[in-house]
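What follows is a single structure, written as structure tokens, with notes after it.
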Amino acid sequence: MGGTVLFLAGALLVVFVFYDFLRTTISMAGLGPLTFRITYGLLRLACRWVPLLERRFGAGMRNMIGPSILTAIALNWIILHLAGYVAMFAAGRSLAKADTGAAATLLETVAFVGASLSTLGASIVEPTNGWWDNLSMVAAVNGMVVLTLSVSFILTILQITTAARTFALRVHTLTDLEPDDTARQLERIAPLGPDFCSLVTQITASPLPGVFVPNDPSMNFPAAIVRVCDVLERAEDELKRSRTPRHRTAELERATAVLGRLAVHDPDASIAGAMRWAREHDLRR
């Protein structure tokens, strides 16, 4: 009875973690429940402690927030998958030493599951029958999917982050040229509408680029969003008198509206969550 409960517990853990993994990486609908809690839990800690550590040691540490959160998410997926399969294999006499036939120890079971998940397949123990051998095959396929999609997902997040920083640099550069002329600012940033729409589409799929905080504030994407919103708001009354036709600002307005709706309906699971925590703790200013 105890073995059955342990096996079911391990299977449920694997299913839950794999759901969280797929929801985060390919659903295009934000973060999975576990990844969400890890992301914003670590972001809260970073927003509280990084400014204090920077003032204490005088070194820029905020650029490590994003990489640290991505690393924690990836390790969480790997470790929990490992724990789930170890629980399933530990539920019965699943593995035996190839040379003596003795039952595998817990340490050897962990090594076997790790080898299966990593698709290496190198271990000093082997399954005792076909059912356990099939479970090791499922673990290998599961591990291949997790490792492959994790790498692709992380690379995609880094590419989006680079594009977001480029956009932020352009926004800050163009609006700083004539800081007191709203009409000219609007005219200069209006051509950035297509890039902004593309970035908003990508960020609504995953808010993780929002946790990357550059040391240089001119590449700060959430601050660039605030700058765009500020220009649009100030230009509203004089837009008709502006040299910028209304249709040229439509993309900027629609993209900011999308972010605004996310902030209202799902304030934590969008980039608005990252921006809010950052503002509260003076991390992005």
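Tell me which of these F89 doesn't satisfy, since it passes every other one: (1) surrounded by 13 or more Cβ atoms within 10 Å (Cβ to Cβ); (2) out of contact with any strand residue (DSSP E or B) (no Cβ under 8 Å at 6 or more places or on another chain); (3) touching a residue at least 40 places away in the same chain (Cβ under 8 Å).
With respect to (1) surrounded by 13 or more Cβ atoms within 10 Å (Cβ to Cβ); (2) out of contact with any strand residue (DSSP E or B) (no Cβ under 8 Å at 6 or more places or on another chain); (3) touching a residue at least 40 places away in the same chain (Cβ under 8 Å), F89 is out only on (2).
Of V138, V213, which residue is surrounded by 13 or more Cβ atoms within 10 Å (Cβ to Cβ), touching a helix residue (DSSP H, G or I) at 6+ places or on another chain (Cβ under 9 Å), part of a loop (DSSP other than H, G, I, E, B) and not polar (S, T, N, Q)?
Result of the check over V138, V213: V213.
Scanning the range 23-41 for residues that are touching a residue at least 40 places away in the same chain (Cβ under 8 Å) and part of a helix (DSSP H, G or I), which turns out nearest to L208 (Cα to Cα)?
T39
Based on what the data block shows, is T161 of a type outside the set (A, V, I, L, M, F, W, C), under 30 Å from R188 (Cβ atoms), buried (at least 19 other Cβ atoms within 10 Å of the Cβ) and in contact (Cβ under 8 Å) with a residue 24 or more places away in the chain?
Spelling it out, T161 is indeed of a type outside the set (A, V, I, L, M, F, W, C), under 30 Å from R188 (Cβ atoms), buried (at least 19 other Cβ atoms within 10 Å of the Cβ) and in contact (Cβ under 8 Å) with a residue 24 or more places away in the chain.
Out of A140, A205, report the one residue that is in contact (Cβ under 8 Å) with a residue 24 or more places away in the chain, under 29 Å from the mean Cα position of the chain (by Cα) and farther than 30 Å from A98 by Cα.
A205
Go through the range 51-66 and give me each residue that's in contact with a Leu (Cβ under 9 Å, 6 or more places away or on another chain) and touching a residue at least 24 places away in the same chain (Cβ under 8 Å).
Result: P51, R62, I65, G66.
Given the residues L12, L31, which is the only one that is surrounded by fewer than 18 Cβ atoms within 10 Å (Cβ to Cβ), out of contact with any His (no Cβ under 8 Å at 6 or more places or on another chain) and at pLDDT 80 or above?
Every option except L12 fails the conditions.
Output the residues belonging to the range 92-109 that are surrounded by fewer than 15 Cβ atoms within 10 Å (Cβ to Cβ) and of a type in the set (D, E).
D99
The values are calculated or read from the model by the stated rules, or taken from the named source; none is laboratory data. Since the structure is predicted, the reported quantities are computational estimates derived from the model, not experimental observations. Quick reminder, even Gly has a Cβ in these numbers, built from the backbone with ideal geometry, and neighbours come from all protein chains shown.
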